[in-house]
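The values are calculated or read from the model by the stated rules, or taken from the named source; none is laboratory data. This one's a predicted model, so the numbers in the text were calculated from it and none came from an experiment. Here the Cβ positions follow ideal geometry from the backbone for every residue, glycine too, while neighbour counts run over all protein chains shown. The area values use the complete protein model at the heavy-atom level, side chains included, leaving out ligands, DNA and RNA. Shrake-Rupley method; radii C 1.70, N 1.55, O 1.52, S 1.80 Å.
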Amino acid sequence: MDQADAAGTEDAVLYSVTDQIATITLNRPHRRNALNYDAYEKLESAFRRAVADTEARCVIVTGTDPAFCSGDDVGEIMAGPKAVSATSAPAVVRHRPTPAAMAALECDKPVIAAVNGAAVGWGMELALYADIRIASETARFAELFIKRGLVCDVGGFYRLPAIVGPAKAAELLFTGDVIDAQEALRIGLVREVTPHADLMASARALAGRIAANPPLALRYMKEGLRRAAYGDPRELGGWAIETIRRLMRTEDHKEGVASFLEKREPVFKGR
């Protein structure tokens, strides 16, 4: 297996290519594949690598069991010394969208998310960046940002309404409710639900059917779908990051993080 370089002793993201299918695997199972700064960088690099890889015609993104991705590593990104709320605000004229989000969205090869467990917060965002989602029966989905006093990243605004409809997207974003795999199938968020043991076989079978087609036509087909359905996400993604940074300095965000870490119900005050 060809793996992405590790930082320290942790291979936070793995990359391999077999039979013209690139597989990107989040690999922090001890943190339920929560993303710290290093993992975000490696995820971005893996998608950029897939674009440049002439052997890869289709991409599968998944996680090492037991989770797909449980979102941000709260202890590091929202509560650690490098958290936005703990640092002085930089002078930024125009905020950039999340680099890993743009790398996934701009991948010009078809992307399948094989959702093998919890896909919550930014983990649900990552699933939304894929063109097609297949879920294990153990999968769970939630846009949890509202529970932390934040807005979602670009996926919740840019893709979720087009996939499940504006009203259902609003419900998921406004409530932060967790839904199971069968509900995700019912609302069209995923194309199929499989037994957990069969998930990767199902994803690889679909990826193989896609990869057997002419690679140049595939890339143009994906570009046509992007133009027809979604437009350009960069402005929206930049606004989302600017808003997230602003909200990360509020008392409600700090209360959302503290209540999560202390395992209690939050008390929000609107400031």
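Brief remarks on what is shown
- Among the residues listed as ALA56, ALA52, ALA22, the single one being open to solvent by 50 Å² or more (accessible area, probe 1.4 Å), modelled with pLDDT of 95 or more, over 18 Å from VAL120 (Cα atoms) and of a type in the set (A, V, I, L, M): ALA52
- Filtered residue count, the stretch 247-258, keeping only those that are of a type outside the set (A, V, I, L, M) and under 15 Å from GLY121 (Cβ atoms): 2
- Matching option when the condition is under 18 Å from THR138 (Cα atoms) and crowded, with 24+ Cβ neighbours inside 10 Å, among PHE47, PHE68: PHE68
- Residues in the stretch 194-245 that are closer than 30 Å to PRO66 by Cα and β-branched (Val, Ile, Thr): THR194, ILE210, ILE241, ILE244.
- Residues of the stretch 106-165 satisfying the condition of being open to solvent by less than 20 Å² (accessible area, probe 1.4 Å) and among the acidic types (Asp, Glu): GLU125, GLU143, ASP153
- Residue count for the stretch 49-67, restricted to those that are among the hydroxyl-bearing types (Ser, Thr, Tyr) and within 14 Å of ALA211 (Cα to Cα): 1.
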